[in-house]
Amino acid sequence: MARDFAAERIAPRALDWDADKHFPVDVLREAGALGMGGIYIREEHGGSGLTRLDAALIFEALATGCPTVSAFLSIHNMASWMIDRYGSGQQRERWLPELCRAETLAAYCLTEPGSGSDAAALRTTARREGDDYVLNGTKQFISGAGAVDLYVVMARTGEAGPRGISTLVVPATTPGLSFGPNERKMGWNAQPTRQVIFGECRVPVANRLGEEGTGFRIAMAGLDGGRLNIGACSLGGAQSALDKALAYTRERRAFGKRLDEFQALQFRLADMATELEAARLMIYAAASSLDRGDADATQRAAMAKRFATDVGFKVANEALQLHGGYGYLSEYGVEKIVRDLRVHQILEGTNEIMRLIVARGLVQP
């Protein structure tokens, strides 16, 4: 279903959305109506009740149409899951039904201008005043900012470091909430990326997920799944690029032969397919590990995210090279995939941080 939806509702317009920097909210809502707005949200709250492995298959399939659209939907699902997993019964009843239908869209707000990889150093504050928190600070690189309805925000409510961080759900209508300009980016143009700015924003204490001081743990738990999702998006985008390369080399002729008749190019295609399949199996295995609740699930998610996003970009870049000069033209769609997949090696934790997570698991008792 997801693959058909990508082919029919996403792929035909993906190049235009990229060129026009258009955020296709209507198509996201169509995906929500099919159950893709709350893939691994519990059914009693309106979700589809599927597994992380199911989600990986869905995001991979959607990304064959457009990695950018699939990646935003993955972020929306990650933020929604945080409410489902850590919210109260009242919070789940209040927000999840519309989130699962994608009638309400959500963003994840952790990164700041001065804290990316060092997320525990965030400086956005939420001081308690009676039944409210008052937020001040700025979040950076927020997907969907200015166009979505809810912001799941990590803010400092206490001491320095991870133990002083809490998670708040902030509606877009909150007074004092504003946004920076839409960033001009290399790729991911079909979703807006802006700063989210909090200026004396009053948010009810009732909007806090979990207890005070647990926000960093909640944020990291969300990222385990988010890393798998973004790896799956790399798989789908790279598969689309490989498919385009296969079609092109079957049609293009040089020196009296089809390109796919040259053994050197056959070997390159074989390596691309092999590495992509290895990455696919890593994502699927890590997703299954997260579904089981394995003790090393975080480490396996980091391994899979690092490998899948590196391989995804490499395969897409190779596909562009196989197209020659035509690969550099927008109309063939390969250069867009290359631009979109490049950021996957940075977001949801850079691939350098993925190596750090894996190394800690290996060398620490």
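None of the figures in this text is laboratory data; all of them are computed from the coordinates on show. Being a predicted model, the structure only gives us computed values, none of them experimental. With ideal geometry, Cβ positions are generated from the backbone for all residues, glycine too; neighbour counts draw on all protein chains shown.
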query = Quick one: net charge of THR104's neighbours, Cβ under 9 Å, K/R +1, D/E -1?
reply = -2
note = Partner aspartates and glutamates whose C-alpha sits under 14 Å from that of LYS139, ignoring same-chain residues fewer than 8 away, are GLU112, ASP118, GLU183
Rounded to whole Hz, the Karplus (6.51, -1.76, 1.60) HN-Hα couplings of segment 78-91, x for glycine and proline = 5, 5, 5, 4, 4, 5, 5, 7, 10, x, 7, x, 5, 5
task = Would you mind telling me which residue in GLU98, GLU318, GLU261 has the biggest mean-square fluctuation in a Gaussian network model of the chain, where springs connect alpha carbons within a distance under 10 angstrom?
result = GLU261
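Assign unit charges at the C-beta atoms only (+1 for Lys and Arg, -1 for Asp and Glu), then state the dipole size of the chain relative to its Cα centre in Debye, rounded to the nearest 20.
Result for the chain is approximately 640 debye, rounded to the nearest 20.
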inquiry  = What Kirkwood Rh does segment 190-242 have if only Cα atoms enter the pairwise 1/r average? Answer in Å.
reply    = 14.7 Å
remark   = The answer for chymotrypsin sites (Phe, Trp or Tyr not before Pro) in segment 248-305 that fall in a DSSP coil and have at most 14 neighbouring Cβ atoms within 10 Å is PHE255, PHE262
ask   = Given the options ILE346, ILE83, ILE230, which has the most mean-square fluctuation in a GNM of the chain, springs set between C-alpha atoms less than 10 angstrom apart?
value = ILE346
query = Taking Cα atoms, how many degrees apart are the long axis of helix 297-322 and the longest axis of the chain, rounded to 10 and kept between 0 and 90?
reply = 40 degrees
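What FRET efficiency comes out for the pair LYS185/PHE262, r = Cβ-Cβ distance, R0 = 30 Å, nearest 0.05?
Working from the Cβ atoms, E equals 0.25.
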key: Radius of gyration and maximum dimension Dmax of segment 31-146, Cα, Å   = 15.6, 49
key: Pair ARG42, GLN90: separation of 7 Å Cα→Cβ label points (nm)   = 1.8 nm
ask   = Amide H of TYR151: which non-local residues (sequence gap of 5 or more, or other chain) have their own amide H closer than 5 Å, using H built in the peptide plane?
value = ALA107, VAL170, ALA172
ask   = Which lysines have a Cα less than 20 Å from the Cα of LYS244, not counting those fewer than 8 places away in the same chain?
value = LYS257, LYS314, LYS336
inquiry  = How many angstrom lie between the Cα centre of segment 66-97 and the Cα centre of segment 1-62?
reply    = 13 Å
query = Using 1/(1 + (r/R0)^6) with R0 = 41 angstrom and r between the beta carbons of ARG217 and SER330, what's the FRET efficiency to the nearest 0.05?
reply = 0.45
request  = Evaluate the distance, in nm, between pseudo-label points positioned 7 Å from the Cα of SER288 and of GLU352 along their respective Cα→Cβ axes.
outcome  = 3.4 nm
inquiry  = Distance between the C-alpha centers of segment 330-365 and segment 182-234? Whole Å please.
reply    = 17 Å
ask   = Across the Cα atoms of segment 1-66, what radius of gyration and what greatest pairwise Cα-Cα distance (Dmax) are found, in Å?
value = 12.5, 40
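Starting from the Kirkwood Rh over alpha-carbon pairs, what translational D in µm² s⁻¹ does segment 138-261 have by Stokes-Einstein at 25 °C and 0.890 mPa s?
In µm²/s, the coefficient is 138.
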query = What is the spin-label model distance, in nm, from ARG253 to ALA270 if the labels are put 7 Å beyond Cα along the C-beta direction?
reply = 2.6 nm
query = For the chain, what is the mean residue ellipticity at 222 nm derived from helices alone (per DSSP H run of n ≥ 4: -39500 (n - 2.57); sum divided by total residues; nearest 500 deg cm²/dmol)?
reply = -16500 deg cm²/dmol
